[in-house]
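Trainee: Pasting a structure below so you can have a look.
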Ligand code: SF4
């Protein structure tokens, strides 16, 4: 199936988000999804546009709120494969409360963060992922705040799938998205996705020099949460690959009592017409 549509992205030439778009399209096709069974929800930011650039259901939500919308979709229709997406500012600043609780809820959703370590859409301010000392219009003397460590937070919150990739490594990114989509539970994939226009520090070359592929670490076991946390801390969060996966824990929708297989959208409403209109009137 073709997950491309005819809308031309208006990202800057060279933006890392192009690769994320391509990886989602390839991963969805590779695992045999149909466009009518995939929904892509996004927040606000340059990366938020991605929901309009994939041939699937798209929902461009509000700032930091892609995850509540995505969880609502999944609750209503379990047959949908749901991807939530956004940038590091969207998910790790205004949206961080939702991110942490979605992780610990473990609903069957894949969350893809395009982490460019800056706010791009608003033309270059320090984000929660910017390094200490990072100079922008909002921090002209350098950021004095600590850099947020999202994957360590995810592990602490009980994540069952944690991965990280890089826009330049389309093969790895596609494979991780495929694995995330097939994981039972919440899968979080952070993607180093350079902003070529406003972030002149964390460039493609900078990432190439600083990331550490897990394939280079002999004996690494992605089922070992303590090892995952230790390696993340040792490498300053620069690992790429499948960092952690718990294949045993069941997803939220498979644990919640009375949550029917067919999802709310497919269940019969056993109300008479009169009762139905009375119910509707209560919402007016
Ligand atoms: Fe991408 Fe940065 Fe351009 Fe936004 S401003 S589209 S993040 S390169």
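Trainee: Within the bounds of the stretch 33-44, is there any residue that is within 13 Å of the ligand (Cβ to nearest atom) and assigned to a loop (DSSP other than H, G, I, E, B)?
Mentor: yes
Trainee: Would you point out which residue out of 6, 30 is in contact (Cβ under 8 Å) with a residue 40 or more places away in the chain and either away from the ligand (no atom under 16 Å from the Cβ) or touching a strand residue (DSSP E or B) at 6+ places or on another chain (Cβ under 7 Å) (or both)?
Mentor: 30
Trainee: Considering only residues that are in a helix (DSSP H, G or I) and in contact with a helix residue (DSSP H, G or I) (Cβ under 9 Å, 6 or more places away or on another chain), look in the stretch 51-72 and name the one that is surrounded by the most Cβ atoms within 10 Å (Cβ to Cβ). It would help to see each step written out before you state the result.
Mentor: Taking the stretch 51-72 as the starting set, the residues that turn out to be in a helix (DSSP H, G or I) are 51-52, 66-72.
Still in the list and also in contact with a helix residue (DSSP H, G or I) (Cβ under 9 Å, 6 or more places away or on another chain): 51, 66-68, 70-71.
Values: 51: 23, 66: 34, 67: 30, 68: 17, 70: 28, 71: 23.
Per the criteria, the residue is 66.
Trainee: Inspect the stretch 89-106 for any residue being in a loop (DSSP other than H, G, I, E, B) and over 20 Å from residue 154 (Cβ atoms) and give the result as yes or no. Let's see the steps before the verdict.
Mentor: Keep residues of the stretch 89-106 that are in a loop (DSSP other than H, G, I, E, B), which gives 95, 106.
Then keep just the ones that are over 20 Å from residue 154 (Cβ atoms); that gives none.
No: zero hits.
Trainee: Now a separate question. Just to be sure I understand the filter: pairs with C-beta atoms under 6 Å, separated by 6 or more residues or on different chains, first member in the stretch 251-274 and in a loop (DSSP other than H, G, I, E, B), second member modelled with pLDDT of 80 or more. Which pairs pass?
Mentor: From the stretch 251-274, the pairs are 251/106; 251/108; 251/184; 251/185; 259/253; 263/76; 263/77; 263/78.
Trainee: Report, ordered by the first and then the second residue, all pairs with beta carbons closer than 8 Å, sequence separation of six or more or different chains, a first member in the stretch 224-249 that is at positive phi and touching a residue at least 40 places away in the same chain (Cβ under 8 Å), and a second member that is surrounded by 15 or more Cβ atoms within 10 Å (Cβ to Cβ) and part of a helix (DSSP H, G or I).
Mentor: 237/150; 237/151; 237/152; 241/172; 241/176; 241/214
Trainee: With without any contact (Cβ under 8 Å) to a residue 40 or more places away in the chain, more than 16 Å from the chain's Cα centre (by Cα) and surrounded by fewer than 24 Cβ atoms within 10 Å (Cβ to Cβ) as the only criterion, which of 135, 123 stands out?
Mentor: None of the others qualify; the one that does is 135.
Trainee: Within the stretch 176-188, can one find any residue that is away from the ligand (no atom under 16 Å from the Cβ), under 28 Å from residue 29 (Cα atoms), within 14 Å of the chain's Cα centre (by Cα) and part of a strand (DSSP E or B)?
Mentor: Yes, that holds for at least one residue.
Trainee: Taking the condition more than 16 Å from the ligand (Cβ to nearest atom) and without any contact (Cβ under 8 Å) to a residue 60 or more places away in the chain, does residue 77 pass?
Mentor: The answer is no for residue 77.
The values are calculated or read from the model by the stated rules, or taken from the named source; none is laboratory data. Owing to the predicted nature of the structure, the values given are computational and were not obtained by experimental measurement. For neighbour counting, all protein chains shown are included, and Cβ atoms are generated from backbone atoms with ideal geometry for every residue, glycine included.
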